[in-house]
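These notes are about the structure you will find just below.
The values are calculated or read from the model by the stated rules, or taken from the named source; none is laboratory data. The structure displayed is predicted, hence computed values, not measured ones. Using ideal geometry, Cβ is built from the backbone for each residue, glycine included, and neighbour counts are taken over all protein chains shown. These area figures cover heavy atoms from the full protein model, side chains too; ligands, DNA and RNA do not enter into them. Shrake-Rupley method; radii C 1.70, N 1.55, O 1.52, S 1.80 Å.
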Amino acid sequence: MKDIKEALKNTREEIEILIVEDSPLQAEILKSILEQHHYGRILVANDGKEALALISRHKPTLLISDIIMPEMDGYQLCQHIKADENLKDIPVILLTTLSNPKDVIKALECGANRFITKPYDEEYLLSSIQSILANRQLQKTEKIPMGVNIFFSSENYSITADPQQILDLLLSTYEAAVRKNLELIEAQAELEVVNERLEEKVKERTTALIAEIAERKKVEEQLRKLSQAIEQSPSIVVIIDTEGRIEYVNPKFSQITGYVPEEVMGLNLRDLSEQSSKEYQQMWKTITSGEEWRGELRSKKKNGELYWELTSASPIRNPEGVITHFLVVKEDITQRKRDEETILHMAYHDALTDLPNRSLLNDRLTQALAHARRNKQMLAVMFIDLDRFKTINDTLGHAIGDRLLQSVAKRLVNLLREGDTVARMGGDEFILLLPGITQAESAAKIAYKILEAFKPSFYFNGHELHVTSSIGIALYPTDGEDAETLLKNADTAMYRAKEQGRNNYQFYTPAMNATAFERLILENNLRRALERKEFVIYYQPKIRLSTGQIAGMEALVRWQHPELGLISPAKFIPLAEETGLIVSLGEWVLYTACTQCKAWQDAGLPPLDLAVNLSARQFQQPGLVEMIAQVLEETGLAPYYLELEITESIAMQNVEFTVKMLRKLKEMGIRILLDDFGIDYSSLGYLKRFPLHALKIDQSFLHDITTNSYSAMIITMIITLAHSLKLNVIAEGVETKEQLDFLRQLQCDEAQGYYFGPPISAEEFTRLLQKER
């Protein structure tokens, strides 16, 4: 035996051992042990397949293999070796953590020489290797197999192997069992010592574990809630690293932007922003310095759409206080920004026309004045008021009125130069700001363009509307050096344009202020005049030219002011229309005139036709037909004695409405006269649609009828046209015998004017009728 050991020691360096281990660490430890004990060449394979490849080339002296390995385990490797005639004499030691007796039997069945459990004792391993090598020669010569029955775990196993192999494996198993038994004895001793305190320790540990579990559950619940809060947050949550790269986005981010998380992971947050480099750097500088940053940023969605975000960014620190990440929380405020823009727009624009309102106009006018003052330039302010708009609005309704205002606004906008402003002040009033003009004529040209732009009709829901405007112009610096003064003076000039017959423009003059003051006093007195019974009716006779007799009379209202005396209708009638007083005043005139006409008939005087003027607002007033019917019923005057006069401009404001109203009046037996024919629209094409009784030639054509061939031609045409349409013709403003003779020559039906007599009071007209009788 001594000789064998000595021989082994001398040949140890020639021994070649193959280690098969899938754990690099375990393989290195075992290799180091063998090298320390001067075993010759040590080979290492990671699994069974690699080991077979090495064995075929080297045929090692001994193989030490782990059992549990991928690809091919230790059992399979051992079986391959023992089944090969050239390799089966290679001793095999199996190492494993398995300790079940069945595993030992399996190792025995596959032909292993040793079965050593992990963790193995180094000395035991080395002694096993030495024992195997010492018996190697004997293993070569002893070839007689033997059988043995082994009873493990209630099962009987029959094994046939070389005696030495069975002996070695049984010894290996026995050694492991002894070692385990010693370990159990030692553990038992320790258990006896520990067991005395185990129950107390168990109780203490149980209490501690319960507390730990409760705390852990609490933390887990908090983490779960936090996770759910972030995942279900209505705000966008983004976590970025210290380089700005995105590491996490919550579902809200995907919902808002359209990006799925995989598409943005690793991108820099700046890649999704539309802010300038300077703005982004400011945010980045703030959060990297450890401070929180809040602000509004504009970002881009996956489809390229831009949106606004209210952003809050703050650093995330580890327990040592070092910034490791940044938390970015965003809220989509695009709709809010739009709402703010809408509210801001609404605050400075008219809701109906979308034009600048008074506030925005004042702001722009103030800026324009400052610029004009610095550069010593002129600017103009135009005050535009629609003529008789209130009549249209009251008659056809606010819907039509609103559409008309919108169309007027569009026409005004189309006339603007670059830098001009048109604003709506309210109602039917518009302001036009013209900065940078060089002379007053420039403003006059634009005013003329506005008047021309309103000449084409407006069409709404079958209604054809004709609208004109009155324009007042004030210039900087001659008419005012501040916004308030310019606007006031432009307004004053606009009223002057209305006094001049509407549909024109007027430049402001200082004298207008006195006129405006007078107008204000007149308006205040006018509101009380009807209550104070200051109005009177004058009557002007109409003469039938074929006989020279009185055919009728026209009722004309006069204002007998107690202090100012008799006020001309040219002054108070337009004012009454603008203020709306014309409606009640017109009703009073109709009632008073009808009452007087019936009184003359009841007195036995010749029955005459009574002509009463209807203003634009009266004609468009709802309930006009009913009011006239009531007046006729209350006064007892027969309808066929009543003639209602409307001007051509009134008739043409809304042709469809005019036709409807005139037909209703004609059905009542009332006759309609078209006054001032030929001076407005020359509406020859509409005459056949209007159920008229007569045309009245405006007095402006009679002034120079004997000297102006143009005027004579117009009157000739009017009379010829009227007679062809079976309409009577009445000439007003006859003042000379020459005019009368001309009219008789053209077979004009009736005439009125100072040649026959001026308008007179009812008492005087009574005497005239008595004399006529």
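For the chain, the list of Cys residues with no other Cys C-beta under 4.7 Å reads Cys594, Cys597, Cys748. Taking each residue as 0.36 nm, the span from Ser359 to Thr485 lengthens on full extension beyond its C-alpha to C-alpha distance by 43.8 nm.
Do any GluC sites (Glu not before Pro) in region 301-362 lie in a loop, going by DSSP, with at most 12 other beta-carbon atoms within 10 Å of their beta carbon, and if so which? The partial results should precede the final answer.
On the way: sites: Glu305, Glu309, Glu320, Glu331, Glu340, Glu341; in loops: Glu305, Glu320.
Those that pass, being in a loop and sparsely packed, are Glu305, Glu320.
For the chain, what is the accessible area per residue in Å², given a 1.4 Å probe and the full set of protein chains? Before the final figure, lay out the partial values.
Details: 40070 Å² over 773 residues.
Solvent-accessible surface per residue comes out at 52 Å².
Let a ≥ b ≥ c be the square roots of the eigenvalues of the Cα gyration tensor of region 420-534; is it rounded (a/c under 1.5), or, if not, prolate (a/b larger than b/c) or oblate? Taking the square roots of the gyration eigenvalues as a ≥ b ≥ c, region 420-534 is oblate. Against the set [x] 1.21; [y] 1.04; [z] 1.52, the structure's computed Rg/Rh (Cα atoms, Kirkwood Rh) falls on [z]. A straight chain from Val536 to Asp121 at 0.36 nm per residue would run longer than the Cα-Cα distance by 135.4 nm. Gap in Å between the Cα centre of region 21-99 and the Cα centre of region 308-327? Their Cα centres are 55 Å away from one another.
So if I take the alpha carbon set of region 246-301, get Rg, then get Rh from the Kirkwood formula, what is the Rg over Rh ratio?
My calculation of the ratio gives 0.98.
Heavy-atom accessible surface of Met378, to the nearest 10 Å², is about 50 Å², with a 1.4 Å probe and all protein chains retained.
Taking the DSSP beta bridges with both ends in the chain, the antiparallel portion is around 65 percent.
Counting only protein heavy atoms and a probe of 1.4 Å, the accessible surface of the chain is 51% carbon and sulfur.
Could you tell me which of rounded, prolate or oblate describes region 705-773, using a ≥ b ≥ c as the square roots of the eigenvalues of the alpha-carbon gyration tensor, with rounded for a/c under 1.5 and, failing that, prolate when a/b is larger than b/c and oblate otherwise? Intermediate values should be presented prior to the final figure.
Values: a/c = 2.94, a/b = 1.81, b/c = 1.63.
The shape class here is prolate.
Leu126 contributes an accessible area of around 10 Å² to the protein surface, as traced by a 1.4 Å probe with all chains present.
Between Ile185 and Arg294, what's the calculated FRET efficiency when r is the beta-carbon distance and R0 is 56 Å? Round to 0.05. Don't jump to the answer; show the numbers that get you there.
Values: r = 72 Å, r/R0 = 1.28.
Efficiency at R0 = 56 Å is approximately 0.20.
So between Arg374 and Asp602, what do we pick up on full extension, going 0.36 nm a residue minus the alpha carbon distance? Write out the running numbers ahead of the final one.
Values: separation 228, 0.36 × 228 = 82.08 nm, distance 7.69 nm.
So the extension gain works out to 74.4 nm.
Across region 416-428, rounded Karplus estimates of 3J(HN,Hα) from the backbone phi angles (6.51 cos²θ - 1.76 cosθ + 1.60, θ = phi - 60°) give 5, 8, 5, x, 7, 9, 10, 10, 9, 8, x, x, 10 Hz, Gly and Pro being marked x. Label positions at Glu204 and Ala134, each projected 7 Å from the Cα along the C-beta direction, are separated by 5.0 nm.
Longer than 26 Å from Cα to Cα, which of Lys660/Lys696; Lys542/Lys571; Lys102/Lys201; Lys571/Lys726 are they? Say none if no pair is.
Details: Lys660/Lys696 21 Å; Lys542/Lys571 24 Å; Lys102/Lys201 37 Å; Lys571/Lys726 36 Å.
In this structure, Lys102/Lys201; Lys571/Lys726 exceed 26 Å between Cα atoms.
For the pair region 553-596 / region 381-426, the C-alpha centres are spaced 29 Å from each other.
Relative contact order, whole percent, for region 214-349 stands at 21, derived from Cα pairs under 8 Å and 6 or more residues apart. Ordered from largest to smallest accessible area (heavy atoms of protein chains, 1.4 Å probe), the residues Leu520, Leu768, Leu133 come out as Leu520, Leu768, Leu133.
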